[in-house]
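Q: Attaching a single structure in structure tokens format; questions to follow.
The values are calculated or read from the model by the stated rules, or taken from the named source; none is laboratory data. Keep in mind it's a predicted model, so treat the numbers as computed, not measured. Note that each Cβ is placed from the backbone with ideal geometry, even for glycine, and that neighbours are counted across all protein chains shown.
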Amino acid sequence: MKLIAIVGPSGSGKTTLIEKLLPVLNRAGLKVATIKHTHHQVPLDTPGKDSWRFKQAGAVASMLVTPQALQLVVDMSAPHDPLLLAQRYFSDVDLVLAESFSQADCPKIEVLRAACSIVPRCNEGLVALVTDVATVHPYLPHFVPDDVDNIAQFILAQVRG
């Protein structure tokens, strides 16, 4: 299993890029999972429902299973390492695309648009840029934001290389 982080400033198009890459990577035969990092508090369970009650009663993890999907709520301590999360929860996939995690020790593709910011978020681990700013990290591969097929080919080379 390979992990690549898609990093960049808020509003740069990280989620949109991942959303466009997923069907292309699936057609290429990859099983892909995603991990999204946020600094915001988000409700992960419905207060009053059984799995929520189990967590409130002291379970360190609670899984809700339906005929079509499952939801897992697990207590975690910071920092969150996307590679460890991927190894623990996504061992049966070929690729994990982790949105954000700019400080993680993994390969990163940065989405950088002049309309949001021309200052890169990271230098370490950066393998490519999806950008409309040609002067940033000129020694790395650059892709224009809508060049999804070539970005996917680059990722496939990383995964299969």
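Q: Would you confirm whether any residue within the range 112-124 is closer than 21 Å to residue 32 by Cβ and touching a strand residue (DSSP E or B) at 6+ places or on another chain (Cβ under 9 Å)?
A: no
Q: In the range 102-114, what residues are assigned to a loop (DSSP other than H, G, I, E, B), out of contact with any Asp or Glu (no Cβ under 6 Å at 6 or more places or on another chain) and touching a residue at least 40 places away in the same chain (Cβ under 8 Å)?
A: 102, 104, 106, 107, listed by residue number.
Q: Can you tell which of 60, 42, 65, 32 is out of contact with any Cys (no Cβ under 9 Å at 6 or more places or on another chain), modelled with pLDDT under 85 and either surrounded by 10 or more Cβ atoms within 10 Å (Cβ to Cβ) or farther than 26 Å from residue 2 by Cα (or both)?
A: That would be 42, the only listed residue that is out of contact with any Cys (no Cβ under 9 Å at 6 or more places or on another chain), modelled with pLDDT under 85 and either surrounded by 10 or more Cβ atoms within 10 Å (Cβ to Cβ) or farther than 26 Å from residue 2 by Cα (or both).
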